[in-house]
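In what follows, a single structure is set out as structure tokens and then discussed.
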Amino acid sequence: MDENKPLKVRLTFSVILVGVSLLFAAVVTDHWAVLSPKVEEYNTTCEAAHFGLWRLCTKRIFIQGQGPKEKGCGPISLPGERNCSYFKHFTPGESSEIFEVTTQKEYSISAAAIAIFSVGFAIIGTICVLFSFRKKKDYLLKPASMFYTFAGLCIIISVEVMRQSVKRMIDSKETVWIEYSYSWSFACACSSFVLLFICGIVLLLIALPRFPQNPWETCMDAEPEH
């Protein structure tokens with residue numbers, strides 16, 4: 001038996017918890033993408049927007065002047081009047097006309113649903129690892145590793161769906177947005193994919209039985225014949 005196995009499991013689980021935290025941060029925050037319209041006049045206000053899986057936030061920013069290469073509104077970190085609303089397909093009473101007009105709501109629903117699957121897999125995997133810390137429960141590490149791997153795959157699929165959503169929004173002729181950028185929630189989702197997927201595979205390798213290093217180890221471990 002590998003004496004360092006419990007230590008390896010705990011170290012891997014610590015990194016996995018970081019990935020799970022990044023996953024939760026990405027799912028609940030609204031900074032996946034930042035959108036900016038074309039600015040025609042200065043010394044006036046423009047409306048930039050940022051959104052996540054569940055809602056869209058707009059911000060009226062006062063523009064004093066920009067460089068020759070800067071044509072958009074922003075950055076979004078500038079002070080201004082902020083207004084957030086949940087997407088209409090999640091809460092019928094709310095209004096988010098900007099998002100509804102410029103992109104298909106199927107993208108938003110798909111990205112949110114896949115992200116929820118990712119969170120569910122991560123929670124189940126964490127429960128399995130916690131139960132595996134009990135004696136003779138090491139067999140739970142194998143399904144836990146698979147759940148973490150699935151969680152990583154789901155969140156990267158959600159990231160790709162969101163990326164296609166933003167691209168479709170910018171390319172649409174009906175939209176006022178000309179510039180976009182991905183923000184820190186998007187980075188959290190990508191980072192969680194890397195940590196969950198890699199550490200899920202590492203946890204699976206740790207959970208697998210150790211192969212004998214010498215030919216006679218198998219003979220020595222065999223039960224004596226009666």
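The values are calculated or read from the model by the stated rules, or taken from the named source; none is laboratory data. No experiment lies behind these values; they were computed from the predicted model shown. Methodologically, a virtual Cβ is constructed for each residue, glycine included, from the backbone with ideal geometry; neighbour enumeration extends over all protein chains shown. The area values use the complete protein model at the heavy-atom level, side chains included, leaving out ligands, DNA and RNA. Shrake-Rupley method; radii C 1.70, N 1.55, O 1.52, S 1.80 Å.
Some observations on this one:
- Modelled spin-label separation between R10 and K38, with each label point placed 7 Å from Cα along the Cα-to-Cβ direction: 6.1 nm.
- Figure note: I127, I156, I61 ranked by solvent-accessible area, largest first, 1.4 Å probe, ligands and nucleic acids not counted: I127, I156, I61.
- The modelled label-to-label distance for the pair N83/R60, using points 7 Å beyond Cα in the direction of Cβ, is 0.8 nm.
- Per residue, the accessible area of the range 123-196 comes to 54 Å², computed with a 1.4 Å probe over protein heavy atoms only.
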